[in-house]
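A short write-up of the structure that comes next.
The values are calculated or read from the model by the stated rules, or taken from the named source; none is laboratory data. Computed from a predicted model, the values in this text were never measured in an experiment. Neighbour counts run over all protein chains shown; Cβ positions are idealised from the backbone, glycine included. Just the protein is used for accessible areas: all its heavy atoms, side chains included, with ligands, DNA and RNA removed. Shrake-Rupley method; radii C 1.70, N 1.55, O 1.52, S 1.80 Å.
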Amino acid sequence: MTSTQENAAPEHRAGSARVVLAGGGTAGHISPLLAIAHAIREEREDASVCAVGTASGMETRLVPAAGVDLELIGRVPLPRKPSVDLLRLPRHMAAAVRQAGRILDSRQATVVVGVGGYVCTPVYLAARRRGIPVVIHEANAKPGIANRVGARFAAAVATAFPDTPLRGARVVGMPMRREIATLDRASQRAAARAALGLEPDLPTVVVTGGSSGAQSMNRTVEAIAREVGEQGYQLLHVTGRGKELRTPEGELLRAPHYVQTEYVDGMEKVYAAADLLVARSGAATVCEVAAVGLPAVFVPLPIGNGEQALNARSLVAAGGAQLVADAEFTPRFYRDTVAPLVTDAARLDEMAHASAAHGVRDAAQVMARLTLDTALD
């Protein structure tokens, strides 16, 4: 194929929307991608939708399971420090751009939507060569490299958080699954607590470090678990896979009104059951608890580039959540802050209202309309 042919935009059927979504690697990218994909199909049944990812990401499992076609290209990490990978970057990037271009051509794409991750940069560059408009959604308060690159020439840029430093961005919130976006916590509380093995009427705190768990948070819960039964509330502890708490004899740790589980399938059940959530402040978690009006104590991941603390900043400022550093989430902090808060109904009600006022439930639909308008412009 000559360069003229490769860079030429394919002819499109008038009035059709053929959407290629790029993103992957982690659930933080895949979840909003799938929410946008489903909202596009709901908005316009004749729209063609597919996703582009890499063979090493979670998208190979999650995207097909959600009923969305998946195409794969090579993974091109963008090294942050001088290394052999940096020397190989131009060659690997050029190959991935060619792969992405073939997908855009075969799908006759009229718009590309990117949500971040390594896969996005070559797809953005291939789209630019063909004159295909790019729409970007950035989930984190601190944008990733791929979206910083793509935002320079994107037709539209949307963010989940205010003050995300991307030129021309508009705040739309976080695209999320319909089960969460439409959740009525009060009406689902009893069923959720029953499903999770909890008492129906006790104030409830849920502590979770995510599906992989957080050992530092687990150690703090282990230290206070036997105190819960005396304090008039119950604790659901989502330990993470393979990180369950055990006694010195190897038995699962048990205590009155303390329930542990490695994993919960469907976070909407956790959000409905809880009066207070203690969790990491990944972008999706922060936006979801705000959308459903759930008070939270956030314990940002202590590694990385600090984006988790930034993600929580606006909700904390609004009064819907509290923030504590991982090193400070100690048994003493739990006893002094979390335990009194979960039984303070008036304070929780204030936080719930502040959280709900800050939350956005229709981001997926907004992104779908933005995408379709761009595709058919």
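Note the full-extension length gain between residue 254 and residue 318 as 0.36 nm times their separation in residues minus their Cα-Cα distance, in nm to one decimal.
This chain segment gains 19.4 nm when fully extended.
Can you tell me the accessible area per residue over the stretch 182-358, all protein chains present, probe 1.4 angstrom, in square angstrom?
43
Using the Cα centre of the chain as origin and beta-carbon charges of +1 (Lys, Arg) and -1 (Asp, Glu), tell me which of 99, 67, 266 is placed farthest towards the positive end of the dipole.
Going by the charge dipole, the pick is 99.
Given labels modelled 7 Å from the Cα in the Cβ direction, how far is it in nm from residue 61 to residue 93?
Modelled inter-label distance: 3.2 nm.
Restricting to Cα pairs below 8 Å that are 6+ residues apart, what does the relative contact order work out to for the chain? Please round to a whole percent.
On the way: 793 pairs, mean separation 62.8, N = 377.
In percent, rounded to a whole number, it is 17.
Give, in nm to one decimal, the length gained when the segment between residue 191 and residue 325 is fully stretched (0.36 nm per residue of separation minus the Cα-Cα distance). Let's see the in-between values first.
Details: separation 134, 0.36 × 134 = 48.24 nm, distance 3.31 nm.
Result for the pair: 44.9 nm of gain on full extension.
Under a 1.4 angstrom probe, counting protein chains only, how are 48, 281 ranked by accessible area, largest first?
Working: 48 45, 281 0 Å².
Reading off the accessible areas and sorting them downward yields 48, 281.
Suppose the chain between residue 343 and residue 226 were pulled fully straight at 0.36 nm per residue; how much longer would it get relative to their current alpha carbon spacing?
Taking residue 343 through residue 226 to full extension adds about 40.4 nm, to one decimal.
Can you give me the distance in nm between label points at residue 357 and residue 182, each placed 7 Å from the Cα along the Cα-to-Cβ direction?
Simple spin-label model gives 2.8 nm for this pair.
How large is the direction-averaged shadow of the alpha-carbon convex hull of the stretch 182-358, in nm²?
Directional mean of the projected Cα hull area for the stretch 182-358 stands at 9.5 nm².
Take every Cα-Cα distance within the chain, group them into 10 Å bins from 0 onward, and report for each bin the whole-number percent of pairs it holds.
In order of increasing distance, the bins hold 5, 23, 30, 22, 13, 6, 1, 0 percent.
Which of 197, 116, 173 moves the most in a Gaussian network model of the chain with Cα springs under 10 Å?
Of 197, 116, 173, the most mobile in the Gaussian network model is 197.
Given the -39500 (n - 2.57) contribution per DSSP H run of 4+ residues, what per-residue ellipticity at 222 nm results for the chain, rounded to the nearest 500 deg cm²/dmol?
-12000 deg cm²/dmol
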